[in-house]
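Engineer: The structure under discussion is supplied below as C-alpha cells; questions concerning it will follow.
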Amino acid sequence: MKSVLHASLSLGLLIFLAFVQTSPSSAQSTDEGGQFLDGLDFRAIGPFRGGRSAAVAGVPGKPLLYYFGATGGGVWKTTDGGQTWSNISDGFFGGSIGAVAVSEWDNNVIYAGGGEKTVRGNVSHGYGMFRSTDAGKTWKEIGLKDSRHIPRIRIHPRNPDLVYAAVLGHLAGPNSERGIYRSEDGGETWERILFVNDEAGAIDIAMDPNNPRILFASTWRVKRTPYSLESGGEGSGLWKSTDAGDTWTNISDSEGLPEGTLGIIGVTVSPVNSDRVWAMIEADEGGLYRSEDGGEKWTRVNDDRNLRQRAWYYTRVYADPQDEDGVVVLNVGFWKSKDGGKSFQRITTPHGDHHDLWIAPEDHDRMVVADDGGAQVTFDGGINWSTYYNQPTAQFYRGTTDNHFPYRIYAAQQD
C-alpha cells in the first residue's frame, strides 16, 4: 500500500514539475501561433458571380467603358464591355455603394456615394462621397460622412466640379445630413439646397439634359429597422428647381398627381422633349405618371402592379434618350415601353431585381443595368447581355463546412 501511495505521489510531482517547466514554452507556442495566423493572407475562393448592385454608369462615345457599385464590394470597372471587371476602390474605401457618376466633360472624373438605396432589413450604409480625377486609379474622400445612404449623383454636363448628391440619410432614425446637396468645387465644400425634415431624405434627382439649370428631385420619408419598414408620410414629395437648385417648388400637389400619402418616387426627364417628365410614384393610386408641360399637370398612364410592386426596393424610371415615347421602369423585371408608357414589354436579362440603369445618349441599344446579380452590359437593346459570373461581389448570409476531407464549403447567397 505504501509503495502504491509513494508511486502515486511521485507521479503527481513529476506531472506538476512538467507543467511548471513547460508553461512558458506553451505560452510562447501560443504567441507564435498568433503570429503565424497574423501572417496569413485572405484570398478569394469564389464563387465568381455578382451580388446586389444599385449603381451603374457608362460614358458617352466609349462603348467598352462602364462602372458599377456593389452593395457589398466597392466600385468596379470594365474596359472591355463587361467581359472582365476590376475593383478600383480597394485601398481607398469599400463597402456599400449607392451611386456612381462619370463626368461627360472629363471622363477621368468619377464620383461615388456610399450606402445603397435598396433598403432591405439587412441594408448596409456607406461613409460619404468620394472623387477620382484619374478614372479610378486613386480616390479622395470629399465629405458627407454622416449621409449613410446616397442613392443618386448628378454632374453638370460641362462642369465636372458642379455636382449634386441626393442624400437619403439615416434609415433607423432622424438625422440632419439629408436632402439635396450641391458642390461647386468638386466636393471640397457642400451646400444643402433642399431639406424637408430630419426624417425624410432625397431619393432621386433628375437633370434636364437640354437645360441643366432645371432639376427635379424626390424626397422620401422612410424608416427601416431589421424587423420593420415604414414607407411614406410627411416629407415625401416631388420637387422642381429652375435655377440650378437655388430655390425649389414642391409640385407634389400638381394637377393629376395622386392624393394622400406618398412614398418613394423615381423621376426622369426626356432628352428628346424636356417638357415630358416621368414619375414612378408609390401611393394608393400610384403607378407611372407623365407630364407634358414640365411638371405642371400629370396623367397616370399605367398602374400595372408589375411596375410598382415592392416599391421601396425598386421604383426607378429612365427616359429613352432617342425616343420621346420610350421609357424604362425597373422592378423585378426590366420593363420597356415604346408607346409613352401605355404598354410595356419585359426585356429578358441575366438576373432579376433591377435597381439602376444607364443608357448611352447616342445609342439607346447600349445599356448597363444593375440588379441583384451585379452589372451586365448589352449592345443590342437587351437581346444579349454580358455575364455576371465574372464579378466576385456576392453577398452571403451564412457559410459553413462539412466533415469531408478535403472539406467542402457551403454558402447561402442573398440572391
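The values are calculated or read from the model by the stated rules, or taken from the named source; none is laboratory data. Since the structure is predicted, the reported quantities are computational estimates derived from the model, not experimental observations. No Cβ is skipped: glycine too gets one built from the backbone with ideal geometry, and neighbour counts run over all protein chains shown.
Engineer: Which one is farthest from A217 (Cα to Cα) among residues in region 148-179 that are of a type in the set (A, V, I, L, M) and assigned to a loop (DSSP other than H, G, I, E, B)? Write out each step before concluding.
Structural biologist: Going residue by residue through region 148-179, those that are of a type in the set (A, V, I, L, M) are 150, 153, 155, 162-163, 165-168, 171-172.
Pick out the ones that are also assigned to a loop (DSSP other than H, G, I, E, B) and you get 150, 168, 171-172.
Numbers: I150: 13, L168: 12, L171: 19, A172: 22 Å.
My answer is A172.
Engineer: Which ones in region 48-73 are surrounded by fewer than 23 Cβ atoms within 10 Å (Cβ to Cβ) and touching a Gly at 6+ places or on another chain (Cβ under 8 Å)?
Structural biologist: Hits for region 48-73 are R49, G51, P63, L64, L65, G72.
Engineer: Shifting gears a bit: So which of W335, W358 ends up being out of contact with any Ser or Thr (no Cβ under 6 Å at 6 or more places or on another chain) and either among the small types (G, A, S) or in contact (Cβ under 8 Å) with a residue 60 or more places away in the chain (or both)? Can you show your working first?
Structural biologist: Working: W335 fails: either among the small types (G, A, S) or in contact (Cβ under 8 Å) with a residue 60 or more places away in the chain (or both).
Of the residues listed, the single one that is out of contact with any Ser or Thr (no Cβ under 6 Å at 6 or more places or on another chain) and either among the small types (G, A, S) or in contact (Cβ under 8 Å) with a residue 60 or more places away in the chain (or both) is W358.
Engineer: What about E285, is it assigned to a strand (DSSP E or B), modelled with pLDDT of 95 or more and surrounded by fewer than 21 Cβ atoms within 10 Å (Cβ to Cβ)?
Structural biologist: In short, no.
Engineer: Can you tell me which residue within region 104-128, out of those that are farther than 25 Å from S231 by Cβ and buried (at least 23 other Cβ atoms within 10 Å of the Cβ), is nearest to the chain's Cα centre (by Cα)?
Structural biologist: It comes out as A112.
Engineer: In the set N175, N159, N122, N107, which member is more than 18 Å from I203 (Cβ to Cβ) and in contact with a strand residue (DSSP E or B) (Cβ under 9 Å, 6 or more places away or on another chain)? First the steps, then the outcome.
Structural biologist: Numbers: N175 fails: more than 18 Å from I203 (Cβ to Cβ); N159 fails: in contact with a strand residue (DSSP E or B) (Cβ under 9 Å, 6 or more places away or on another chain); N107 fails: in contact with a strand residue (DSSP E or B) (Cβ under 9 Å, 6 or more places away or on another chain).
Among N175, N159, N122, N107, only N122 is more than 18 Å from I203 (Cβ to Cβ) and in contact with a strand residue (DSSP E or B) (Cβ under 9 Å, 6 or more places away or on another chain).
Engineer: Can you name the residue in region 330-361 that is in a loop (DSSP other than H, G, I, E, B), over 16 Å from V267 (Cα atoms) and of a type in the set (G, A, S) and is also modelled with the lowest pLDDT among such residues?
Structural biologist: G352
Engineer: Here is a further query. Quick one: would you say E259 is over 21 Å from P321 (Cα atoms) and assigned to a loop (DSSP other than H, G, I, E, B)?
Structural biologist: Criteria met by E259.
Engineer: Within region 365-387, track down each residue that is buried (at least 19 other Cβ atoms within 10 Å of the Cβ) and either in a strand (DSSP E or B) or of a type in the set (A, V, I, L, M, F, W, C) (or both).
Structural biologist: If the condition is that a residue be buried (at least 19 other Cβ atoms within 10 Å of the Cβ) and either in a strand (DSSP E or B) or of a type in the set (A, V, I, L, M, F, W, C) (or both), then R366, M367, V368, V369, A370, D371, G374, A375, Q376, V377, T378, W385 are the ones that fit.
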